[in-house]
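Structure, as structure tokens:
The values are calculated or read from the model by the stated rules, or taken from the named source; none is laboratory data. Since the structure is predicted, the reported quantities are computational estimates derived from the model, not experimental observations. As a convention, Cβ positions derive from the backbone with ideal geometry for all residues, glycine included, and neighbour counts pool all protein chains shown.
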Amino acid sequence: MATLKAWDAINGAAGRCVATVGTNVEDMIYVKNIKARIEKKKTEIKVLGQTGAKNKANGWKGTGTMTMYYATTFFRNMIDEYVHDGIDTYFELLIENDDPSSDIGKQTIVLKKVNIDNLDVAKLDINSTELDEEIEFTFDDIEIRNKFIDVVGE
């Protein structure tokens, strides 16, 4: 019987996140967590002779959130440019899981045409010793650059 080796459970802190805006590359060392999700859009199809409905995929939408330490103006500059000049910024996010103690290798996913939905422009909190913020975003494409090694059955 196949089983997952304990050391192949990926350490969530073992990885990196990099934003690329044009030729500007930002190593996002201030990210605490990030999650990107694809939601399939479906149409309900009714079929003669059946009481249940079927579902047919007809598109998808990419969304995500990231929580990070409130320690950079990188994204606020994008919002400022949109507010004052009407220029909306699209960029790439590279998210890599790379736990050296695991036998399954690394996984690298690039989110393309990432666009910020919202973020905190300014923030203070007398009850906090470390400020953080959550940013919501959308993306229009993905690229899988590296895949985990399939260790099932070993």
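In the set (1) farther than 17 Å from Thr72 by Cβ; (2) surrounded by 11 or more Cβ atoms within 10 Å (Cβ to Cβ), the condition left unmet by Asn127 is number (2). For Thr108, the criteria (1) hydroxyl-bearing (Ser, Thr, Tyr); (2) assigned to a strand (DSSP E or B); (3) modelled with pLDDT under 95 hold in every case but one, which is (3). Just checking, does the stretch 21-38 include any residue being touching a strand residue (DSSP E or B) at 6+ places or on another chain (Cβ under 7 Å) and more than 30 Å from Asp88 (Cβ to Cβ)? Within the stretch 21-38, not a single residue is touching a strand residue (DSSP E or B) at 6+ places or on another chain (Cβ under 7 Å) and more than 30 Å from Asp88 (Cβ to Cβ).
Counting only residues that are farther than 10 Å from Ser102 by Cβ and among the acidic types (Asp, Glu), the stretch 1-23 holds 0 of them. Being in contact (Cβ under 8 Å) with a residue 12 or more places away in the chain, assigned to a loop (DSSP other than H, G, I, E, B), over 21 Å from the mean Cα position of the chain (by Cα) and surrounded by 11 or more Cβ atoms within 10 Å (Cβ to Cβ) is a property that holds for Asp103.
Looking only at the stretch 130-147, residues that are over 21 Å from Leu111 (Cβ atoms) and loosely packed, with under 11 Cβ neighbours inside 10 Å come to 1 in all.
Evaluation of Ile34 against the conditions (1) out of contact with any Cys (no Cβ under 7 Å at 6 or more places or on another chain); (2) surrounded by 11 or more Cβ atoms within 10 Å (Cβ to Cβ) shows that the sole unmet condition is (1).
For the stretch 1-55, the set of residues classified as among the aliphatic types (A, V, I, L, M) and touching a helix residue (DSSP H, G or I) at 6+ places or on another chain (Cβ under 9 Å) consists of Ala19, Val21, Met28, listed by residue number.
Considering only residues that are part of a helix (DSSP H, G or I), surrounded by 15 or more Cβ atoms within 10 Å (Cβ to Cβ) and among the β-branched types (Val, Ile, Thr), which ones fall in the stretch 43-100? Across the stretch 43-100, the qualifying residue is only Ile79.
Within the stretch 11-31, the residues that satisfy the criterion of being over 21 Å from Asn115 (Cβ atoms) and part of a strand (DSSP E or B) are Gly15, Arg16.
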